[in-house]
1. Going by average Cβ density within 10 Å per residue, which order do the peptides 474-482, 309-317, 227-235 take, highest to lowest?
2. Once the piece of chain linking S115 and V306 is laid out straight, how much longer is it, given 0.36 nm per residue of separation minus the C-alpha distance between them?
3. Determine the per residue accessible area of segment 71-149 with all protein chains present and a 1.4 angstrom probe, expressed in square angstrom.
4. Can you give me the long-range amide H partners of V428? Hydrogens built in the peptide plane at 1.01 Å from N, cutoff under 5 Å, separation of 5 or more residues or another chain.
5. With a cut-off of 14 Å, note down the residues of segment 68-94 whose backbone N falls inside the zone around a label point 7 Å from the Cα of T195 toward its beta carbon.
6. At a Förster radius of 41 Å, what calculated FRET efficiency corresponds to the Cβ-Cβ distance of Q314 and M291, to the nearest 0.05?
7. Please give me the summed charge of the neighbours of Y538: other residues whose Cβ is under 11 Å from its Cβ, Lys and Arg +1, Asp and Glu -1.
8. Using only Cα atoms, locate the centre of segment 64-137 and the centre of segment 176-206, then give the distance between them in Å, rounded to an integer.
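The values are calculated or read from the model by the stated rules, or taken from the named source; none is laboratory data. Small disclaimer: the values here were computed from a predicted structure and weren't measured. Cβ sites come from the backbone with ideal geometry, for glycine too, and all protein chains shown count toward neighbours. Surface areas here come from the heavy atoms of the whole protein model, side chains and all, with no ligands, DNA or RNA. Shrake-Rupley method; radii C 1.70, N 1.55, O 1.52, S 1.80 Å.
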Amino acid sequence: MEGADTATSGPSLDSEDQQKRIQARRLRIAARIETKRWEARGEDPGTAAEHKETPRKSHKQMDASRQELKRKDDQYVRDLKKQSEDIGLLIERMEEQVRSLGKTYREELLQIEKSFQQERRDLLDKNRKKWEQGTQTRRERELESLVSRMKKVEECEQQLNRLRVQDGEEYNMIKIKLETDVQILQQQLQQMKATYQLNQEKLEYNFQVLKKRDEENTITKSQQKRKITRLQDVLNNLKIKLEKQSKQYKEENQALSDDFKRIAEQYKELQKKMRHFAAVDSRKFHDIWLMNEEEMKQLVQKALEVDRIIHEQQLGLPWKAPDLGFMGNVGPLTVKPKEQKTASMLAQEVMRSSGGRHEAVASGDQERSDSLSPPFSRRTVKRILEVLCDESGFLIENKLVQLLAPLEKDERSLIRLDSIFGALQLEVEDDVYKLVDFFLKYKKQEERPPQDEEGLQESDQTLLHPPDLIHPNDVLRALKAFTMAAHQHREKPHPRSPGIEERDSSEDAAYWNTAAHVIPPSQLKVWDALESAMEKYYDVLTSRSELITETSALRQQNTELRMLLHQYLNSKINSELEIAPTIQVDIAHA
């Protein structure tokens, strides 16, 4: 029983070391096999010591085949252990890299959001300060610093445009960077999936190898089954971790997308506020311009009336009205093509021309063409403008209606048309021609018989192309359709950034200078000479008035003296002594 003694003195089955337990089981199995072999030969196992003294080659070969099998098993166990350690290290490194990347991205996004918020606060504070400063300056010296304020407004608008372009470029760069990072993460995720697939295939291959070895060795099979179970648990845990990480990445991606949308909405809201402030400034500037322009026109009218009175009544000279083309302007000046007339100038020419029937008939065929430069007769344009002026009174402010009451009909109609053109945003003659063409085409679409509620005779309508002339009842609907069409045309995409268009103020000084010098310097010298002459004339009249007053007093005194003298002559002699002192007192008093 020497083998049993060796097994007892060797590795124990109760040892805490797994390798020792495995070696003990192997020794125990080898001892049992050796005992059965001796019993099969009919020999006593106790004589094994004797045979050991003279070992045979087969026994030596069997023993060698066993240190070799054991060595291979030990090597296989070491390989499995190293493989498990490598997989764990790989997973740990992957998790560490993912955590590092997530932390880096969160920090970068936080810094980006902080920078956007800081820029937004700085921009709002800067604009608010500039707005308060501009408002205070406007309250104190609004009329004196109008030109300087316009320059400041233009500089602010240019700066806002530059900031808008700069923010847009930064936004595009950040968007491209984030999209690139997302693509890199997706590529890394694909690489991780490929690595996972490769590891899964390796594990399946190992599983097949273990199954084959299980068929060769029952004990090794049971051990390998337990190991496979543990590895399967590890694999399941890895799958669960992978699913959790994928879910976490999706949630982080969704959170980043929500933050991106929120920042984009904030940027759009900021642009909306900027456009709102620009529109408010434009409206205020327009209102102030109208107020000053109206006051200027009243002063010009008064100055011209005074000049006319001076020439006609005081000097007896014929008076000639100066060029008042600038008086037709309503609202801030806009940049217009040099080769086109303004809508107001066209209205003045059309409304002041007679436009005979022969002209209307001669241009009838030309009016039916689709071109707009200028294909319409003056009489047709005049009739449409008159209908527009009569039917569009709701576009004129009540204050302007009150101011128009004392003017003549033609002047009143021109100013009403100016207000209507301003409301409809008709600036040049082509805009008026477009309106006329739209009215004529609208009449053709309606296909209504021509009617005249303003006293126009049927024979005149025949000469003015009655199928094309719009009816007064259709003016409001046609204006609504024309406004909608013009609005849709203005809302088409424009390559420039949205907002209030910059206006050219180069002609503003010349416009106000023209109004200020409506009376030439030569006439002002006449005014000065007339003023000095009138002052001298006033002095003469004043002295004459004083002399007339003195003459009246002397006449009254002379009358009283005559009465007293007559009374004295007709009195009695006995009362002469009584009347004489009274006469002396009265004369002394006089």
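1. The most tightly packed comes first, giving 474-482, 227-235, 309-317.
2. Details: separation 191, 0.36 × 191 = 68.76 nm, distance 6.48 nm.
That works out to 62.3 nm of additional length.
3. Details: 6240 Å² over 79 residues.
For segment 71-149, the solvent-accessible area averages 79 Å² per residue.
4. Residues meeting the criterion, in which the H sits 1.01 Å from N, are A343.
5. Those under the cut-off are 86-94.
6. Once rounded, the FRET efficiency stands at 0.80.
7. -1
8. Result: 16 Å between the Cα centres.
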